[in-house]
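The values are calculated or read from the model by the stated rules, or taken from the named source; none is laboratory data. Everything quoted here is computed from the prediction, not taken from an experiment. With ideal geometry, Cβ positions are generated from the backbone for all residues, glycine too; neighbour counts draw on all protein chains shown.
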Amino acid sequence: MKVSLVVPIYNESQHLETFLKVLDALELAVDKELIFVDDCSKDKSWEILSRFKFQSKVILERQANNKGKGAALRLGFQLATGDIIGVQDADFEYSLDDIPAVIDSMLKGKADVAFGSRFKQSGIQVHRTFHYGINRILTILSNVLSGLYLSDMETCYKFFKSEILKNINLESDRFGFEPEITAKIARLKVRVVEVPISYFPRSYMEGKKITWKDGLAAVRHILYFNLVQSESKFFKPDMPKKYIPQGRQLL
C-alpha cells in the first residue's frame, strides 16, 4: 500500500524549504510518494525544490506556462503511482500531522474517499471571517445540488482511491477543482468520510492566492458541474463498475 501526495507549487519560496523538510519527514503507516508540480513559479521555488535532498520517493515536474492549481493537480494525478492519492498545499495552513487520521479509514478499507474538514469540531478552529463565510456558502450550495452532505467542500485535504481518481475526467484549471471533483464523486457509489482537521489560515502577505473572484468562479463551477455538464462526460470507460450506481448510465 502506498499514498501519493500531490503538491502544486506557485511562488512559495518564502517558506518552501522549511515545508519540504516537514513533509519529507512525515511518517505514515504505509509508504509515501511525493509529487511536486511547479506551476511556472516566478520566484526561486523551482530552484529550491530541485536542490532539496529528499529521503522520500519523489517526482518533480514543472509546467512550461502558468496554468493554475487544477492543471497542476491533473498532471500530478497522472504521475502518481500510489493506491491512495491526496492533495497537499505547499504551506502550513493545514497540519501535516492530521494526514494519518484523514486516511485511516481508507487504509482500513472502510472508505473510498476522505475529506479533511476544517469545520467539524477539532483542536484548533481559527478562520478568517470573510473566507469562512464564503466557504460555508459554497459548501451549502454544493450540498444542495450534489446531494453529497459535507461540512467543508473547499478543503484542501481530499484523498481518493487511485482507481477512482484516475478514472474521473477533470478539466478545471484553477480553483474549480474543489467543486468539480465533489460534483463528480457525488455521482458515484463510494464511501465518503470527513475527518476533523486543524487549520492555520495565512494572509495574502504570507502568500495566500485565492480571492473573491475565485469564490464567484466556484459558484459557476458548482452550477456547471451539477446542473449543466452531462454525466456521461464525468468518467472514463475504465471506471470500475462497482462504483457506478445500479440503473445509472454514467459512462
Is it true that some residue in region 63-70 is more than 16 Å from the chain's Cα centre (by Cα) and in contact (Cβ under 8 Å) with a residue 40 or more places away in the chain? yes
Being over 17 Å from ASP173 (Cβ atoms) and either part of a helix (DSSP H, G or I) or modelled with pLDDT of 95 or more (or both) is the filter here; which residues of region 223-236 pass it? LEU223, ASN226, LEU227, VAL228, GLU231, SER232, PHE234, PHE235, LYS236
Checking the structure you have, find out if any residue of region 52-60 is crowded, with 21+ Cβ neighbours inside 10 Å, β-branched (Val, Ile, Thr), within 18 Å of the chain's Cα centre (by Cα) and modelled with pLDDT of 95 or more. no
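May I ask you to verify whether GLN14 is out of contact with any strand residue (DSSP E or B) (no Cβ under 9 Å at 6 or more places or on another chain), surrounded by fewer than 18 Cβ atoms within 10 Å (Cβ to Cβ) and modelled with pLDDT under 95? Full working, then the answer.
Numbers: out of contact with any strand residue (DSSP E or B) (no Cβ under 9 Å at 6 or more places or on another chain): yes; surrounded by fewer than 18 Cβ atoms within 10 Å (Cβ to Cβ): yes; modelled with pLDDT under 95: yes.
Yes: the conditions hold for GLN14.
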Mind counting the residues in region 17-69 that are in contact with a helix residue (DSSP H, G or I) (Cβ under 7 Å, 6 or more places away or on another chain), farther than 30 Å from LYS108 by Cβ and in a loop (DSSP other than H, G, I, E, B)? 3
Return the only residue of ARG74, ARG51 being without any contact (Cβ under 8 Å) to a residue 24 or more places away in the chain and over 17 Å from LEU96 (Cβ atoms). ARG51
How many residues are among the hydrophobic types (A, V, I, L, M, F, W, C) and crowded, with 18+ Cβ neighbours inside 10 Å if we restrict to region 76-105? 9
Assess whether ASP89 counts as being closer than 19 Å to PHE175 by Cβ and touching a residue at least 12 places away in the same chain (Cβ under 8 Å). yes
Of the residues in region 70-117 that are hydroxyl-bearing (Ser, Thr, Tyr) and assigned to a loop (DSSP other than H, G, I, E, B), the one that is nearest to ASP214 (Cα to Cα) is SER95
Output for region 212-242, where each listed residue is of a type in the set (Gly, Ala, Ser) and buried (at least 16 other Cβ atoms within 10 Å of the Cβ): GLY215, ALA217, ALA218
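Looking for something closer than 10 Å to ALA90 by Cβ and surrounded by 14 or more Cβ atoms within 10 Å (Cβ to Cβ) - is there at least one such residue anywhere in region 21-30? Give the steps one after another, and end with the answer.
Let us first name the residues in region 21-30 that are closer than 10 Å to ALA90 by Cβ, namely 23.
From the residues that got through so far, the ones that are surrounded by 14 or more Cβ atoms within 10 Å (Cβ to Cβ) too are 23.
Yes, that holds for at least one residue.
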All helices (runs of 4 or more DSSP H) inside region 118-222 with 3 or more residues being within 29 Å of MET1 (Cβ to Cβ) and modelled with pLDDT of 95 or more: 162-165, 177-185
